1. Counting residues in the chain as N, plug N into 2.2 N^0.38 Å and put the Cα Rg over that result.
2. May I ask you to list, by number, the DSSP H helices of the chain whose Cα span along the axis is at least 30 Å and whose average Kyte-Doolittle hydropathy reaches 1.0 or more?
3. Mind listing P(r) for the range 36-111? All alpha-carbon pairs, 10 Å bins, whole percents.
4. Probe 1.4 Å, all protein chains in place: accessible area of Leu102 in Å², nearest 10?
5. Any aspartates and glutamates with Cα under 12 Å of the Lys72 Cα? List them, leaving off those in the same chain fewer than 8 positions away.
6. Need the full-extension length gain, Arg54 to Thr13, defined as separation in residues times 0.36 nm minus the C-alpha distance. One decimal, nm.
7. Taking R0 as 35 Å, what FRET efficiency do you get between Glu129 and Ile37 from their Cβ-Cβ distance, rounded to the nearest 0.05?
8. For the range 1-41, what D do you get in µm² per second when you plug the Kirkwood radius from alpha-carbon pairs into Stokes-Einstein at 20 °C and 1.002 mPa s?
Amino acid sequence: GDGRRMLLTRIITALVLLPFFLDQVAAYFIYLTPTLIFYYAGGVLIFWFFWELRAMIVTVRRDTAFTVGNVKRLKTLSWSLLFLGADFVYIMCYVPSFSKVLCMVILFLGFFCARILAYLIAKAIEYKEDVDLTV
């Protein structure tokens, strides 16, 4: 009866309007894949960053902060920040915004700060070894 006619009307309406909706979906689909790549790559990089940061915090709590292992961890942290910045450069090609530029600048500055800190800790280790050898 009436329910079947209503269902048939809805199906026909959906089939007639489907090409128009597909155009709308296709217009936004071009942004979907790059966004998913951005989020998944960023998620892996952030996990990598926090994993290394956790390892550094453990060594600091054990009072062994000035070690070669922490220098390597800081360099690894800097690489994760650089790759995160590159991930933002990638998404900027598809969805540009000022906030993404700001994130890129902060991540690249973080890369350089982590590299400088790694260099300073390596120098501190070197000076500590020199002092230990002279005593």
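1. Values: Rg = 26.2 Å, N = 135, 2.2 N^0.38 = 14.2 Å.
Compactness ratio reported: 1.85.
2. 2-61, 98-134
3. For the range 36-111, the pair-distance distribution reads 20, 43, 25, 11, 1.
4. Ignoring ligands and nucleic acids, Leu102 comes out at about 90 Å².
5. Glu52
6. 9.1 nm
7. The value I calculate is 0.20.
8. Values: Rh = 12.6 Å.
Once the numbers are plugged in, D ends up at 170 µm²/s.
The values are calculated or read from the model by the stated rules, or taken from the named source; none is laboratory data. Since the model is a prediction, treat every value here as computed from it, not as a measurement. Because the Cβ atoms are built from the backbone with ideal geometry, glycine has one as well, and the counts that use them run over all protein chains shown. The area values use the complete protein model at the heavy-atom level, side chains included, leaving out ligands, DNA and RNA. Shrake-Rupley method; radii C 1.70, N 1.55, O 1.52, S 1.80 Å.
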